[in-house]
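Down below is the structure, laid out as structure tokens.
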Amino acid sequence: LVDFISWSKKNYPASRYMLIIWNHGSGWMDPRQSNGGSKGISFDDETGNYIRTREIGAIVREAGGVDVLAFDACLMQMGEVLSEVKGNVMVMVGSEETIPGVGYPYHIFLSALDKEPGMSAEKLGSILVEAYKMFYEQTIKRGAQLSAVRVAKAGDLEAKVKEFAAAARALNDVPALKAARAGVMRFDMIGAASD
């Protein structure tokens, strides 16, 4: 993937770059490792290869960064993924739910990009989200979830999560924490985590 991004930048120089990683995604979960492992995206059913979540950050860093990183794959809009790409991506687009098999409506958002090729990363991220919502509501007749986030805010999120974790450890109310975890709506493909 790094070679592909580098080749694209060399042969098709542009003022902004968007990278869309497609196929199955498991975000913070790795279905091939029983301990939760490395997590991943873009699973190749023939070879068994995939891109681990930690590798996503290394890929965009080694490739010199991208303005928009989008995931046409399930379960990728997560804090863990956001933390991996910070400093090398401006806007991250993805879903914390499952992505329907039809995937992104490329014909809609690429048409908008064609009309305004110099648009900002934030505007492109919002167009991706709006095109996705419109396509699924109007054409497929079902709801679907997609969001765009400013990656520069990842540090703020990490700080708040650390504050919450410290407060939860200090309170040490294990039954309340287990009840809270059990009450969270889940979208993963593996099932509820064990205690």
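Remarks
- Fraction of accessible area attributable to carbon and sulfur, the chain (%, probe 1.4 Å): 55 percent
- Averaged over residues, the count of other Cβ atoms within 10 Å places the peptides 161-174, 139-152, 58-71 in the sequence 58-71, 139-152, 161-174, highest first.
- Computed over protein heavy atoms with a 1.4 Å probe, the accessible surface of the chain works out to 59 Å² per residue.
- When the chain is described by a simple charge dipole with +1 on each Lys and Arg Cβ and -1 on each Asp and Glu Cβ, the residue from Leu19, Val81, Val102 located farthest towards its positive end is Val81.
- Set of aspartates and glutamates with alpha-carbon distance to Lys10 below 20 Å, sequence-local pairs under 8 removed: Glu62, Asp67
- Contour excess over end-to-end distance, with Cα ends at Asp44 and Val184 and 0.36 nm allotted per residue: 47.4 nm
- In sequence order, the stretch 142-149 has phi-based couplings of 7, x, 8, 10, 8, 9, 10, 10 Hz under the Karplus curve 6.51 cos²θ - 1.76 cosθ + 1.60, θ = phi - 60°, and Gly or Pro positions carry x.
- Nearest-ten-degree value, helix 53-62 long axis tilted from longest Cα axis of the chain: 40 degrees
- Gyration tensor over alpha-carbon atoms, the chain, equivalent ellipsoid semi-axes in Å: 30, 20, 18
- The relative contact order of the chain comes to 18 percent, based on Cα pairs under 8 Å that sit 6 or more residues apart.
- Cα-Cα over 22 Å, subset of Lys86/Lys133; Lys86/Lys123; Lys133/Lys160; Lys9/Lys86: Lys86/Lys133; Lys133/Lys160
- Electrostatic dipole magnitude of the chain [Cβ: Lys, Arg +1; Asp, Glu -1; Cα centre; debye, to 20]: 340 debye
- Couplings 3J(HN,Hα) for the stretch 129-137, derived from phi with the Karplus relation 6.51 cos²θ - 1.76 cosθ + 1.60 (θ = phi - 60°), are 5, 5, 5, 4, 4, 4, 4, 6, 6 Hz, where x marks Gly and Pro.
The values are calculated or read from the model by the stated rules, or taken from the named source; none is laboratory data. Since the structure is predicted, the reported quantities are computational estimates derived from the model, not experimental observations. So basically every Cβ, Gly included, is an ideal-geometry build from the backbone, and we count neighbours across all protein chains shown. In case anyone asks, the SASA skips ligands and DNA or RNA and just uses the protein heavy atoms, side chains included. Shrake-Rupley method; radii C 1.70, N 1.55, O 1.52, S 1.80 Å.
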